[in-house]
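Let me begin by presenting the structure, written as structure tokens, before commenting on it.
The values are calculated or read from the model by the stated rules, or taken from the named source; none is laboratory data. Since the model is a prediction, treat every value here as computed from it, not as a measurement. We place every Cβ from the backbone using ideal geometry, glycine too, and count neighbours over all the protein chains shown. Areas reflect the complete protein model, heavy atoms only, side chains present, ligands, DNA and RNA absent. Shrake-Rupley method; radii C 1.70, N 1.55, O 1.52, S 1.80 Å.
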Amino acid sequence: MENEQYTFIKGKTDDAPLIVIPSFKDNSLNLKKEIEKLTDKNFSLLTIYVSDWNNDLSPYEAPSIFKGTSDFKGNADSFLDYVLNLIKKVILEENVNPIYKALTGYSMAGLFAVYTLFKTNEFLKVGSVSGSLWYPLFIKFVENNIVLQGISTFYMSLGDKEKKTSNKIMSQVETNSLIIFERIKPQFNNSKFEFNPGNHFKDEDLRIAKCIAYLLNNWYALIKCLPKLLVFI
């Protein structure tokens, strides 16, 4: 992870919720604008640029589903460690104290976000946007593992045309996403599944912004964070 880079945009206050997004491009400023069109809630934004997209975000080794490309290496555990350590570093260097942290991601990062539900409760809220939930045997992984306690809110969305692909494995994305959502949603106080118009590549920033707005607007986090809020009263 030595070559990973990130962008941090501080919220209006030191205790603003910290939204964490693994990404393959620098879209922080545009994404911030899209979020602010949908909610007036205060937030800080940490965008982490992933150099090895398919390998860093894949939960375990799996064969490639594309001709002429290498297999998935399954480095998500190592990448999650990197993310958690980077969050600590940013909080220290920027002198912020977020009231809670949320994680969201698009495509393979959406798959990674779902995977983290079973690996850490560092994030109070989690969102998966057009997640790569076609990933081989991921439904079986979900069935054989338990979402960690302490995560209050989960959001999932998918394009309504994403299943329309000639790739037999990727065409399972809608079926798999719905199965996974129905299986894990009882673990959260608040959850939402939403379809967006279009295929996988349409309105990426808008879709992510809708996810983040839902996470920010969700009231249950106030109860979870009440002891921390009392410090400021």
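Step by step: first the residues of segment 135-153, then only those that are touching a residue at least 60 places away in the same chain (Cβ under 8 Å) and buried (at least 21 other Cβ atoms within 10 Å of the Cβ), then the one that is farthest from residue 189 (Cα to Cα). Which residue is that?
Only one residue tops the list, namely 135.
Conditions first: (1) under 23 Å from residue 120 (Cα atoms); (2) open to solvent by less than 40 Å² (accessible area, probe 1.4 Å); (3) outside any helix (DSSP H, G or I); (4) in contact (Cβ under 8 Å) with a residue 60 or more places away in the chain. Residue 65 passes all but one, so which condition is the exception?
(1)
Out of segment 48-62, which residues are buried (at least 22 other Cβ atoms within 10 Å of the Cβ) and either among the aromatic types (Phe, Trp, Tyr) or not in a loop (DSSP other than H, G, I, E, B) (or both)?
48, 56
Have a look at 40, 77, 56 and point out the one that is under 21 Å from residue 25 (Cα atoms) and acidic (Asp, Glu).
Of 40, 77, 56, the one residue that is under 21 Å from residue 25 (Cα atoms) and acidic (Asp, Glu) is 56.
Might you check whether a residue that is outside any helix (DSSP H, G or I) and in contact with a helix residue (DSSP H, G or I) (Cβ under 9 Å, 6 or more places away or on another chain) occurs anywhere in segment 77-84? Step through it out loud before you land on a result.
Within segment 77-84, the first condition is being outside any helix (DSSP H, G or I), and the residues that meet it are none.
No, because not a single residue in segment 77-84 is outside any helix (DSSP H, G or I) and in contact with a helix residue (DSSP H, G or I) (Cβ under 9 Å, 6 or more places away or on another chain).
Every residue in segment 117-134 that is touching a strand residue (DSSP E or B) at 6+ places or on another chain (Cβ under 8 Å) and surrounded by 24 or more Cβ atoms within 10 Å (Cβ to Cβ), please.
Kept after step one, since they are touching a strand residue (DSSP E or B) at 6+ places or on another chain (Cβ under 8 Å), are these residues of segment 117-134: 117, 122-131.
Of everything in segment 117-134, those that are touching a strand residue (DSSP E or B) at 6+ places or on another chain (Cβ under 8 Å) and surrounded by 24 or more Cβ atoms within 10 Å (Cβ to Cβ) turn out to be 123, 125, 126, 127, 128, 129, 130, 131.
This table checks each residue for (1) open to solvent by 40 Å² or more (accessible area, probe 1.4 Å); (2) within 17 Å of the chain's Cα centre (by Cα); (3) basic (Lys, Arg).
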residue: 158; (1), (2), (3): no, yes, no
residue: 170; (1), (2), (3): yes, no, no
residue: 177; (1), (2), (3): no, yes, no
residue: 183; (1), (2), (3): yes, no, yes
residue: 188; (1), (2), (3): no, yes, no
residue: 192; (1), (2), (3): yes, yes, yes
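Only residues that are in a loop (DSSP other than H, G, I, E, B) and free of Cβ contacts under 8 Å to residues at least 24 places away in the same chain: list them for segment 1-46, please.
2, 26, 40 - these are the residues of segment 1-46 that are in a loop (DSSP other than H, G, I, E, B) and free of Cβ contacts under 8 Å to residues at least 24 places away in the same chain.
Residues that are touching a Leu at 6+ places or on another chain (Cβ under 9 Å) and of a type in the set (Asp, Glu): find the strands (runs of 3 or more DSSP E) completely inside segment 107-212 holding 1 or more of those.
Counting at least 1 such residues, we get 190-196.
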